[in-house]
Amino acid sequence: MHVAGSRAERRLPPVPPRCYDHVALAWLSFAAGCTDVLTFLKLGDLFTSAMTGNVALLAISAGRGQTLAASRSCAALFGFALGVALATGTNALRYGLQDVRSGIRRLLLLELVLLLGSTALWSISPDPVRGPALYGIVVLSAMSMGVQAVAARCITSSGISTVVFTTALIHIVMATTRTLAGANPAGAAPNSTRPHLATLAAYVCGAVLAGLLVSQQVSEAIWMPAFAVLAALGFQGISVASQRAAPKL
């Protein structure tokens, strides 16, 4: 009995739901990194996740008089904005914590459906993709990333983004500088920057892997973002389950 009691005392504490949320955010960032590289390399110099870069590409195309390239960037901007509007109109965040998490899962399911539609259309289209199929793929992919942007904001209130990393870089550098200057309490900066570092690293990993697979002409690479979002959906489900299992105070 004493042995059993000591084993019970040595049990690890339960993992907080926010840890699973951070893993889900990392998978979403991985999906965004894959998506940006795949669309840039295979669909004609555009991004369906990084809208800041997409606006810059649109300006370059417009300045050079490249109407076709500009129209692709416009399609991505339109799709992203439509995805944000769709996600904002379908979530239900005002009904308490449990409904917040259910709303997040609905958004991730919506993103997954859009991504699967984009990828399925891409997989049956000739390479290189041209014509209406190209614009359909771009709009659906950008819509999925717009939905993801809203879902990520709903998962955490600490300002972590899975599609915009300029803000994350600013946060990381500011927190690190304050720590080195002794302006932050010990351990405060690492705890606050860890999620931002994780999502940034996941984005880079997704981008590098997608670039490597495209260079090796692996056609199945286009399915990676959908698998990453599916993984994020799984971890979000674990977060919901752990939240339900947590003792009520």
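What follows draws every value from the coordinates through simple rules; no lab data is involved. This one's a predicted model, so the numbers in the text were calculated from it and none came from an experiment. With ideal geometry, Cβ positions are generated from the backbone for all residues, glycine too; neighbour counts draw on all protein chains shown.
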*Most to least packed among 208-214, 231-237 [average Cβ atoms within 10 Å]*: 231-237, 208-214
*asked:* Students often get this wrong: which residues of the stretch 193-214 have the backbone nitrogen under 11 Å from the point 7 angstrom along Cα-to-C-beta of Leu41?
replied: 207-214
*If you plug each phi of the stretch 75-83 into the Karplus form 6.51 cos²θ - 1.76 cosθ + 1.60 with θ = phi - 60°, what whole-Hz ³J(HN,Hα) values come out, in order, with x for Gly and Pro?*
4, 5, 4, 4, x, 4, 4, 5, x
_7 Å from Cα along Cα→Cβ at both Thr90 and Arg106: what's the point-to-point distance in nm?_
0.9 nm
*asked:* Run the numbers for Thr52 and Cys205: contour at 0.36 nm per residue of separation, minus the present Cα-Cα distance, in nm.
replied: 53.1 nm
*Could you list which residues have their amide H under 5 Å from that of Leu46, counting only those 5 or more apart in sequence or on another chain, with H placed in the peptide plane?*
Phe40
*Report the residues of the stretch 50-67 in range of a label on Thr166: point 7 Å along Cα→C-beta, backbone N strictly under 15 Å from it.*
50-60
*Can you check what the net charge comes to around Pro225, using other residues whose Cβ is under 11 Å from the Cβ of Pro225 (Lys, Arg +1; Asp, Glu -1)?*
-2
_What are the ³J(HN,Hα) couplings of the stretch 202-211, residue after residue, when phi is run through the Karplus curve with 6.51, -1.76, 1.60 and θ = phi - 60°? Round to Hz, x for glycine and proline._
5, 4, 4, 4, x, 5, 5, 5, 5, x
*the stretch 21-86 versus the stretch 109-138: alpha-carbon centroid distance in Å*: 14 Å
*HN-Hα J in Hz across the stretch 126-143 - Karplus 6.51, -1.76, 1.60, θ = phi - 60°, x for Gly and Pro*: x, 10, x, 7, 9, x, x, 4, 4, 5, x, 5, 4, 5, 5, 5, 5, 4
